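> Let me give you the structure first, and then I'll get to my questions.
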Amino acid sequence: MTNPIVRVSGLTYYYEGEEQPALRDVNLEVHPGEFILLIGSSGCGKSTLALSLNGIIPLVLGGRIKGRVYIDGTDTRYSSVHELSPRVGIVFQDPESQLCNLYVDEEVGFGPSNLLLPPAEVERRVDRALADVGQKDLRRRLIYELSGGQKQRVAIASVLAMEPDVLILDEPTANLDPMAATRMFDLVETISRETGVTVILIEHNVDRVMQRVDRLIVMAEGRIVGDEHPRSFMRERGRFVLDVLGLRIPQACEVGLRMEEKGLRLESFPLDGIEAAQALGSRSERIRVRENGSHLRRAPQRAEPVIDVRDLSFTYPNGTEALRDVSLRIDRGDVVAILGENGSGKTTLSSLLVGLNEPTSGGGVVCGLDIASSSVRELSNRIGYVFQYPEHQFVEDTVRDEIAFGLRAQKQPAAKIAERVTRALRLLDLEDVAHKHPLALSMGEKRRLSVATMLVLETDVLILDEPTTGQDRDSMDNLMRVMMDANRLGTTVVLITHDMDLVARYCNQVVVMEEGKVVFQGPVEELCRSPWVIKSGSLVLPEVCELAERLRRNAGIPIGDFLTVDAFVEAMEVS
Amino acid sequence: MARFGYVEGTSFFHRMDPTWKLLWNLVIVGMVILSFDLLYALACFLYVFTLTMVVARIPLRRYARSITVFLGMGLFIALWKSLYSAWAGYEAVHVWYAWGPINVTREGVYDGAATMARVLAIASVSLLFTLTTDPARLVDSLIQVAGLPHRIGYTAYAALRFIPLYESEARTIKQAHQIRGVGENGKGVLPKLRLYRSMLVPLLVSGIRRAQATSIAMDSRAFGAYDRRTVVQKAEVSPDTKAFVLAHVPAAAAAFYYFVMLGHGVQIVR
């Protein structure tokens, strides 16, 4: 075997001023050309490990460090960031923060220029790196005019231009819509196969990745708790990852695990939908599909509309036409997802519903109020809006005051405020941090607090903008449980999201937007049967949906449409 | 940001080296501040305005959008100076109207108008600079021509790139707080102040976090590894640029001689 390009031994690291280590006794060897997937809950040390591979830890960030990191035999403690940065490149999660130039070519040439490479070489590398990410024509474009997916590609190119031995990508798809995310994975796989660079991919979104990688590393609480080929690891310890660590695993793996638990031993453990279809198809003689084999619910009776708007159009002052003739009806008690690619008008639409913007034309009724003539204050008493980044919405100095804020603004009696705040603290598991400053909370706590501030107002409608941002499977499930409880009590829930799994598990209606228009509105189940909607919304169906389709087509198993693993597995009988 | 931002073009001013253009700016500004004369300041403004329209070919509408801010500022000063004339107690002052603190004099109105013309003259030359200068070239030129250390130049440049980002973030935070019921509709002075006060902390927090992330990302690409960086875009100063800037120097010297040495500049009250 070749010499490892990365060798980490006994690495323990404390951030400056922290009592708890971020990394605990980490041991790791990475060989040239490997394609590694690194997973773990947020705050488990994934990003810290990445930063310690290119020397930022400890050379820039300081802190206390024990153990060693060798990059191609060089001890990082006695090296410098500019010696290490051409060897280990990191693409960070948020492209906005890492792009520091105005033009694409300057950005991609930034690293090579810092290394004082000759101008001709800088130019050559810019061309090549842009070609590697398939964005040659962006060369002279302004960065702030690019789409999220393009920015992320430019960020990758700017690291590739350093010609690193190891490329680390820290959640590159976190801000992308599903289609852009899938394309991103294709790109990363191509880079790995064609340039021979060693790739370490940090991801939450594992569905379309697991099958592509050579090796899976799982982290928890600063330690590496698993390091194996994904196939064997998922079969042996997939349950542990799912149930104990509370992380996502590919739906195909979940199906595989649960079918084996039902007694159907699969020849090869599946890592994606195609493999799952093959594995199940080859044992089709032992599989019976219960009843008509579809879990699709009957559409519920139409109730009274809580949102009923017609022909809404909106143009921003700079001339951008964000919405065109949008008509939308949402009934009381629905759980609705608004889907669509970034920039399709989802957030603009919600800003109109809560009165933050006034429609250029069109109008309608939200919770009995006319949206064109009602103020934000009037509307926000009836319709709550949880923003994507919880920090944006915090206005008070303690968690308790934060939750009470909206009630106080409504001039509710003190006793009622106290009672509702206490209940919200308990419901969202924030009692222990009630006295803390909102900004001092963990990411998951912040998210729960932002939901609590709206939930406590007991509005008719609650809009959540990208609730999955920075959330693990577990914390997401907890949050959704609270939302579903509120929904049972009559609150209408609207989710603006890219997370199709979330949509499949919790929503009954979907609205798909494209270029400022609503191109589809209907029951979730109908999405499966409407490929054109999927395409126009830049959506990607849950893998289990594709799995059912393949089984039907290739293995002749008479099976209907499924959107969730639960429903799929329940419908399967093993003889 | 966009109000004052760069307008693409190929004119003489667009091609001019930014550092030399900055020098030229200083010469003109120097000329303007030497005199309080209304006609002189107006002449300076018209000269620069003509250059902007005819040579730099900036569309009038685009220009109007930028200059109106200064026009408003100038008008405010002019009005203030006209109403509360500082020459009220002097002799040989032509009082047009007096009532309580308000004192409208011919000298005050003249002074107000002259100040406004100076504001416009200085604004117009600065605008000609920003409208025709690509920030990327400005940084390149400041580092290569003016000898600015690249760490400082580049950090300022990176900050520039974040202005639109912060603008949109400020908008989002403002809306997020309006939803919470801070500052009602954002109309009226008090609600507005309340809104800005509550926006401050989240804006700062996200600003600091972003700055940290950016500096780590820049370090990760070897920023500051050496005292120099590779020059990909070479900044060149063409002879006509130098000639243009130098030609203005005698005019400035003449203005200095006439207004300061001969003492014409200080004669405000006639």
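> Out of A:ARG447, A:ARG400, A:ARG420, report the one residue that is among the basic types (Lys, Arg), in the same structural domain as A:ARG473 (by TED's automatic domain parsing) and buried (at least 23 other Cβ atoms within 10 Å of the Cβ).
On the way: A:ARG400 fails: buried (at least 23 other Cβ atoms within 10 Å of the Cβ); A:ARG420 fails: buried (at least 23 other Cβ atoms within 10 Å of the Cβ).
Only one candidate passes the filter, namely A:ARG447.
> Specify the residue that is farthest from A:LEU339 (Cα to Cα); the eligible residues are those in the range A:161-184 that are β-branched (Val, Ile, Thr) and crowded, with 23+ Cβ neighbours inside 10 Å. Write out each step before concluding.
First, pick out the residues of the range A:161-184 that are β-branched (Val, Ile, Thr): A:166, A:168, A:173, A:182.
Narrowing the set further to residues that are crowded, with 23+ Cβ neighbours inside 10 Å leaves A:166, A:168, A:173.
Values: A:VAL166: 35, A:ILE168: 30, A:THR173: 17 Å.
Here the residue is A:VAL166.
> A further question follows. B:ALA159 passes all but one of (1) out of contact with any Leu (no Cβ under 9 Å at 6 or more places or on another chain); (2) assigned to a helix (DSSP H, G or I); (3) more than 10 Å from every other protein chain (Cβ to nearest Cβ); (4) surrounded by fewer than 17 Cβ atoms within 10 Å (Cβ to Cβ); which number fails?
Single failed check for B:ALA159: (3).
> Next up: Looking only at the range A:546-557, decide whether some residue is buried (at least 19 other Cβ atoms within 10 Å of the Cβ) and either more than 23 Å from A:ALA252 (Cα to Cα) or free of Cβ contacts under 8 Å to residues at least 24 places away in the same chain (or both).
Yes, the range A:546-557 contains at least one residue that is buried (at least 19 other Cβ atoms within 10 Å of the Cβ) and either more than 23 Å from A:ALA252 (Cα to Cα) or free of Cβ contacts under 8 Å to residues at least 24 places away in the same chain (or both).
> Out of all the residues in the range A:15-60, which are within 14 Å of chain B (Cβ to nearest Cβ) and closer than 17 Å to A:ILE168 by Cα? Can you show your working first?
If we filter the range A:15-60 for residues that are within 14 Å of chain B (Cβ to nearest Cβ), which is where we start, we get A:15-16, A:47-48, A:50-60.
Matches in the range A:15-60: A:SER47, A:THR48, A:ALA50, A:LEU51, A:SER52, A:LEU53, A:ASN54, A:GLY55, A:ILE56, A:ILE57.
> Among the residues of the range B:223-253, what is the count of those that are under 29 Å from B:SER35 (Cβ atoms) and without any contact (Cβ under 8 Å) to a residue 24 or more places away in the chain?
Number of matching residues: 5.
> What is the residue count in the range A:192-204 for residues that are in a loop (DSSP other than H, G, I, E, B) and either of a type in the set (Ser, Thr, Tyr) or buried (at least 23 other Cβ atoms within 10 Å of the Cβ) (or both)?
1
> Now, a different point. State whether the residues of the range A:253-260 include one that is touching a Pro at 6+ places or on another chain (Cβ under 6 Å), crowded, with 19+ Cβ neighbours inside 10 Å and within 30 Å of A:GLN150 (Cβ to Cβ).
no
> Can I ask one more? Got a sec? Which of B:ALA117, B:ALA113, B:ALA121, B:ALA146 is over 26 Å from B:ALA235 (Cα atoms), surrounded by fewer than 21 Cβ atoms within 10 Å (Cβ to Cβ) and small (Gly, Ala, Ser)?
Just a single option satisfies the conditions, and that option is B:ALA113.
> While we're here: Which residue, of A:PRO119, A:PRO172, A:PRO164, is under 17 Å from the mean Cα position of the chain (by Cα) and of a type outside the set (S, T, N, Q)?
On the way: A:PRO119 fails: under 17 Å from the mean Cα position of the chain (by Cα); A:PRO164 fails: under 17 Å from the mean Cα position of the chain (by Cα).
Among A:PRO119, A:PRO172, A:PRO164, only A:PRO172 is under 17 Å from the mean Cα position of the chain (by Cα) and of a type outside the set (S, T, N, Q).
> Are any residues in the range A:517-557 farther than 16 Å from A:ASP177 by Cα and part of a loop (DSSP other than H, G, I, E, B), and if so, which ones?
Once the filter is applied, which keeps residues that are farther than 16 Å from A:ASP177 by Cα and part of a loop (DSSP other than H, G, I, E, B), the range A:517-557 yields A:ARG529, A:SER530, A:ALA555, A:GLY556, A:ILE557.
> Can you spot a residue in the range A:471-480 that is more than 18 Å from the chain's Cα centre (by Cα), over 20 Å from B:ARG180 (Cα atoms) and modelled with pLDDT under 90?
no
> Follow-up question, since we're still on this one. Identify the residue in the range A:61-81 that is surrounded by fewer than 20 Cβ atoms within 10 Å (Cβ to Cβ) and facing another protein chain (nearest Cβ under 9 Å) and, among all such residues, is farthest from A:GLN152 (Cα to Cα).
By that ranking, first place goes to A:SER80.
> Now a separate question. Restricting to the range A:321-344, what's the tally of residues that are among the acidic types (Asp, Glu) and touching a His at 6+ places or on another chain (Cβ under 9 Å)? Give the derivation first.
Within the range A:321-344, the first condition is being among the acidic types (Asp, Glu), and the residues that meet it are A:321, A:325, A:331, A:334, A:341.
Still in the running and touching a His at 6+ places or on another chain (Cβ under 9 Å): A:341.
Result for the range A:321-344: 1.
> Restricting the range B:169-188 to residues that are modelled with pLDDT under 80 and more than 9 Å from chain A (Cβ to nearest Cβ), which is nearest to A:PHE394 (Cα to Cα)?
B:GLY183
> Test each condition in (1) within 29 Å of B:TYR166 (Cβ to Cβ); (2) surrounded by fewer than 24 Cβ atoms within 10 Å (Cβ to Cβ); (3) not aromatic (Phe, Trp, Tyr) for A:LEU116 and report the one that comes out false.
(1)
> Which is part of a helix (DSSP H, G or I) and either within 12 Å of chain A (Cβ to nearest Cβ) or under 30 Å from A:ASN114 (Cβ atoms) (or both), of B:TYR258, B:TYR166, B:TYR226?
One residue alone meets the criteria, B:TYR166.
> Being out of contact with any strand residue (DSSP E or B) (no Cβ under 9 Å at 6 or more places or on another chain) and at pLDDT 85 or above is the filter here; which residues of the range A:436-454 pass it? Please lay out each step first, then the result.
Within the range A:436-454, the first condition is being out of contact with any strand residue (DSSP E or B) (no Cβ under 9 Å at 6 or more places or on another chain), and the residues that meet it are A:436-446, A:448-449, A:452.
Across the range A:436-454, the qualifying residues are A:LYS436, A:HIS437, A:PRO438, A:LEU439, A:ALA440, A:LEU441, A:GLU445, A:LYS446, A:ARG448, A:LEU449, A:ALA452.
> Are there helices (runs of 4 or more DSSP H) fully within the range A:311-410 with at least 1 residues that are more than 11 Å from every other protein chain (Cβ to nearest Cβ) and β-branched (Val, Ile, Thr)? List them.
Those helices (runs of 4 or more DSSP H) span A:346-353, A:399-409.
> Exactly one of these conditions fails for A:ILE90: (1) surrounded by fewer than 24 Cβ atoms within 10 Å (Cβ to Cβ); (2) at the interface with chain B (Cβ under 10 Å from one of its Cβ atoms); (3) aliphatic (A, V, I, L, M). Give me its number.
The single condition A:ILE90 does not satisfy is (1).
> Name, by its number, the condition in (1) surrounded by fewer than 13 Cβ atoms within 10 Å (Cβ to Cβ); (2) of a type in the set (Gly, Ala, Ser); (3) within 8 Å of chain A (Cβ to nearest Cβ) that does not hold for B:SER220.
Among (1) surrounded by fewer than 13 Cβ atoms within 10 Å (Cβ to Cβ); (2) of a type in the set (Gly, Ala, Ser); (3) within 8 Å of chain A (Cβ to nearest Cβ), the lone unmet condition for B:SER220 is (1).
> Return the residues of the range B:128-156 that are within 7 Å of chain A (Cβ to nearest Cβ) and of a type outside the set (Gly, Ala, Ser); say none if nothing qualifies.
So in the range B:128-156, the residues within 7 Å of chain A (Cβ to nearest Cβ) come out as B:135-136.
Of everything in the range B:128-156, just one residue is within 7 Å of chain A (Cβ to nearest Cβ) and of a type outside the set (Gly, Ala, Ser), namely B:PRO135.
> Answer yes or no as to whether B:ALA247 is more than 9 Å from chain A (Cβ to nearest Cβ), at pLDDT 85 or above and under 27 Å from the mean Cα position of the chain (by Cα).
Considered against the rule, which asks whether it is more than 9 Å from chain A (Cβ to nearest Cβ), at pLDDT 85 or above and under 27 Å from the mean Cα position of the chain (by Cα), B:ALA247 comes out as yes.
The values are calculated or read from the model by the stated rules, or taken from the named source; none is laboratory data. Owing to the predicted nature of the structure, the values given are computational and were not obtained by experimental measurement. As a convention, Cβ positions derive from the backbone with ideal geometry for all residues, glycine included, and neighbour counts pool all protein chains shown.
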